[in-house]
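To start, the structure under review is shown below, and the notes come after it.
The values are calculated or read from the model by the stated rules, or taken from the named source; none is laboratory data. Computed from a prediction, not measured in an experiment: that's the story for all the values here. With ideal geometry, Cβ positions are generated from the backbone for all residues, glycine too; neighbour counts draw on all protein chains shown. Only protein heavy atoms, including side chains, enter the accessible area calculation; ligands, DNA and RNA are left aside. Shrake-Rupley method; radii C 1.70, N 1.55, O 1.52, S 1.80 Å.
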Amino acid sequence: MTMHTKTDTSFANHMPEVVAIRHHLHRTPEIGLSEFKTSDFVALKLEEMGYEVTRGLAGTGIVATLKHGDGQRSLGIRADIDALPIHEETGVEYVSQNPGVMHACGHDGHTAMLLGAAKIIAQRRHFDGTLHLIFQPAEENFGGARIMIEDGLFERFPCDAVFALHNDPSLPFGHFVLRDGPIMAAVDECKITVNGYGGHGAEPQSALDPIVAGASIIMALQTIVSRNIHPITPTVVTVGAFHAGIASNVIPEKAEMLLTIRSFDPQARDELEKRIRLIAEGQAASYGMSVTLDYQRGYNPTVNHKREADYIADLATRFAGSDKVVEMPRPTMGAEDFAYMLEERPGAYFFLGSKRTENDPPLHHPKYDFNDDILPIGTAFWVELAEDFLKAR
């Protein structure tokens with residue numbers, strides 16, 4: 001018998017509400033640091049459950065605290081609440097009512113699961129200590145975790161450990177997937193502007209064509225990972241956008257490209273920035289032009305702590321069975337601002353498989369929709385985690 005079957009009956013009674021919460025959040029998505037209605041909704045639900053609710057960290061962030069017994073241990077569980085600037089194409093009846101914004105990463109499901117768990121935990125009171133539920137804004141773009149920490153998150157709400165999960169439609173349904181150490185990459189961004197001299201497309205000799213220089217830069221950037229970084233050091237340099245010109249017979253003044261850069265090793269991260277700058281400047285100079293670079297360091301690598309990662313693996317094994325717990329052979333090149341919480345407190349981040357079919361839309365796709373069938377699993381696991389971590393000792 002797996003652990004969550006012990007509470008199947010009580011959980012089944014809660015699931016319609018959890019699904020309704022998920023659908024409500026899906027209808028009303030909000031971009032990071034602007035999750036005002038979402039924050040109001042979550043805070044009201046938690047207050048009705050009897051939690052002490054603190055608002056205002058990172059603007060729209062919430063920490064809900066519940067104490068029981070005289071235990072000295074404290075636990076933090078985090079859910080992200082923000083959506084993405086994507087026009088939804090799912091066709092579901094609870095489709096986004098905010099044009100151009102959608103929950104394309106499943107944060108609506110993450111929030112619903114933690115709210116569902118919050119209600120069951122509050123009703124059962126099968127724990128001894130202090131529980132902090134962290135509803136974090138702006139995971140996607142603005143580093144809401146870092147802002148909450150700067151606003152005193154862990155000074156005001158001490159946690160012996162902190163945990164978070166993310167659904168993954170590419171992983172088998174109900175599987176818990178994690179690893180000790182690095183699990184997600186650092187992410188940096190760079191905007192390169194090539195400064196040319198415009199002219200008539202029929203008289204290119206009288207102009208300095210930034211499109212040609214930009215194309216040369218893009219091709220040369222491909223050599224960084226293959227020729228400047230050690231072959232077994234995982235890194236990525238991707239040019240995701242290239243903008244220049246508006247007409248076939250006009251050479252524009254400027255060309256602009258946008259890069260995402262992923263890494264784990266600090267020295268490799270520094271080398272990537274160095275080489276991107278040298279290549280952009282050198283290639284442009286060879287065409288008689290200059291470049292302007294705006295290089296922004298983003299989220300740090302997400303690095304799990306061994307004791308906490310082992311604990312989650314053990315708990316998930318007892319919860320779902322050993323066949324449903326998988327150790328990742330390598331980290332993913334995606335990024336996550338839970339990294340900042342793991343720099344401040346011990347903890348672990350893990351994935352929960354939500355695959356329906358082999359053709360499920362991926363995260364951040366306009367047709368992606370969170371799989372409601374994993375709501376009972378995630379909800380039950382958060383309850384088990386709280387009650388096990390904070391059990392009487």
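Side notes on the structure shown:
- Residues being open to solvent by less than 10 Å² (accessible area, probe 1.4 Å) and closer than 16 Å to MET333 by Cα - total across region 182-195: 4
- Number of the exception - ASP270 against (1) farther than 27 Å from LEU165 by Cα; (2) in contact with a helix residue (DSSP H, G or I) (Cβ under 9 Å, 6 or more places away or on another chain): (2)
Listed here are the residues, each with its yes/no results for (1) surrounded by 19 or more Cβ atoms within 10 Å (Cβ to Cβ); (2) among the aliphatic types (A, V, I, L, M); (3) under 30 Å from GLN72 (Cβ atoms).
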residue	(1), (2), (3)
ASP337	yes, no, yes
GLU344	no, no, yes
ARG356	no, no, no
ASP360	no, no, no
HIS364	no, no, no
ASP372	no, no, no
GLY378	yes, no, yes
ALA386	yes, yes, yes
ALA392	no, yes, yes
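- Of the residues making up region 224-265, those that are surrounded by 15 or more Cβ atoms within 10 Å (Cβ to Cβ) and of a type in the set (Lys, Arg) are LYS254, ARG262.
- Qualifying residue in region 164-174 (condition: in a loop (DSSP other than H, G, I, E, B) and touching a helix residue (DSSP H, G or I) at 6+ places or on another chain (Cβ under 6 Å)): yes
- Selected residue (only one of ARG297, ARG277 is basic (Lys, Arg), touching a Lys or Arg at 6+ places or on another chain (Cβ under 9 Å), surrounded by fewer than 21 Cβ atoms within 10 Å (Cβ to Cβ) and at negative phi): ARG297
- Any chance GLU384 is assigned to a helix (DSSP H, G or I), over 15 Å from LEU178 (Cα atoms) and not hydrophobic (A, V, I, L, M, F, W, C): yes
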